[in-house]
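Q: This structure is in structure tokens; I'll ask about it shortly.
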Amino acid sequence: CGLMFTPVGPKVLEYNVRFGDPETQVVLPRLVDDLGDLLAAAAAGGLPDHLPVFDDGAAVTVVCASEGYPAAPRTGDPVEGLDNASAVDGVTVFAAGVGEHDGRLVTAGGRVLAVTGQGSDVADARRRAYAAVAELSWPGMQVRGDVAASPTAVV
């Protein structure tokens, strides 16, 4: 779920269940169990006799969006630095609003990329995610700089 921490406690903003949502992209990289096995068991009407196992670390996902997102995202801008961002240790880059033009990756929607950093704690995961984000660029790229910045952030 999407949460917002307020002075009176956490508030649920939304529930998301699609694999392409940032809320999923921050959770699944920590899954130790085989997702395919869990999904097959659920489809067959049963689940394993244990809860899914996740690693003990933390993960932080930062969304990189196009200019104009969410109302009217700009498209067609070449995305630079994907190889360098993907090479940052402990990082997975998820492509969402992307397309291809003349053999190059270009923006094709609002949420262009989601960058998930994994680390021993939230601060480490955040550092890795933003190190990878720093490698990315396209005209009008928008990134929130405060993701998981709060010392009370739970990721």
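A short reminder: the numbers here are calculations on the coordinates, not readings from a lab. Computed from a predicted model, the values in this text were never measured in an experiment. All Cβ positions, even for glycine, are placed from backbone atoms using ideal geometry, and neighbour counts span all protein chains on display.
Q: Charges only on Cβ, +1 for Lys and Arg, -1 for Asp and Glu: so what's the dipole of segment 87-155 about the Cα centre, in debye to the nearest 20?
A: On the way: 6 positive and 7 negative charges, 29 e Å.
Roughly 140 debye, rounded to the nearest 20.
Q: In addition: Return one quarter of the surface area of the convex hull spanned by the alpha-carbon atoms of the chain, equal to its mean projected area, in nm².
A: Values: hull surface 44.2 nm².
Computing the convex hull of the Cα atoms and averaging its projections yields 11.0 nm².
Q: Can I ask one more? Taking Cα centroids, how far is segment 67-139 from segment 26-57 in Å?
A: Answer, in whole Å: 26.
Q: If you don't mind, there's one more thing I want to ask. Plugging the Kirkwood radius over Cα pairs into Stokes-Einstein for segment 66-138, at a temperature of 37 °C and a viscosity of 0.692 mPa s, what D comes out in µm²/s?
A: Details: Rh = 12.6 Å.
Stokes-Einstein gives a translational diffusion coefficient of 261 µm²/s.
Q: Given the -39500 (n - 2.57) contribution per DSSP H run of 4+ residues, what per-residue ellipticity at 222 nm results for the chain, rounded to the nearest 500 deg cm²/dmol?
A: On the way: 4 runs with 30 residues, N = 155.
Taken over the chain, the calculation gives -5000 deg cm²/dmol.
Q: State, as an integer percentage, the relative contact order of segment 19-135 based on alpha-carbon contacts under 8 Å between residues 6 or more apart.
A: Values: 219 pairs, mean separation 34.6, N = 117.
Contact order relative to length: 30 percent.
Q: Could you tell me which of Met4, Tyr130, Ala44 has its Cα farthest along the dipole of segment 1-150 towards the positive end, charges placed at Cβ (Lys, Arg +1; Asp, Glu -1), taken about the Cα centre?
A: Highest projection toward the positive end goes to Met4.
Q: Can you compute the charge dipole magnitude of the chain about its Cα centre, using +1 on each Lys and Arg Cβ and -1 on each Asp and Glu Cβ, nothing else charged? Give it in debye, rounded to the nearest 20.
A: Once rounded to the nearest 20, the dipole reads 520 debye.
Q: Ranked highest first by average number of other Cβ atoms within 10 Å, how do 98-109, 48-59, 22-33, 125-136 line up?
A: Numbers: 98-109: 14.2, 48-59: 12.8, 22-33: 16.7, 125-136: 21.3.
Descending packing order for the listed peptides: 125-136, 22-33, 98-109, 48-59.
Q: Moving on. Rank-order 36-45, 76-85 by packing density, defined as the average count of other C-beta atoms within 10 Å over each peptide's residues, highest first. Please report the intermediate quantities before stating the final value.
A: On the way: 36-45: 9.9, 76-85: 15.8.
The peptides rank, most packed first, as 76-85, 36-45.
Q: Here is a follow-up. For a protection proxy built on the mean count of beta-carbon atoms within 10 angstrom, sort 13-21, 87-95, 139-147, 115-123 highest first, please. Spell out each step's value before the answer.
A: Numbers: 13-21: 11.0, 87-95: 17.8, 139-147: 13.6, 115-123: 20.2.
For the peptides 13-21, 87-95, 139-147, 115-123, the packing ranking is 115-123, 87-95, 139-147, 13-21.
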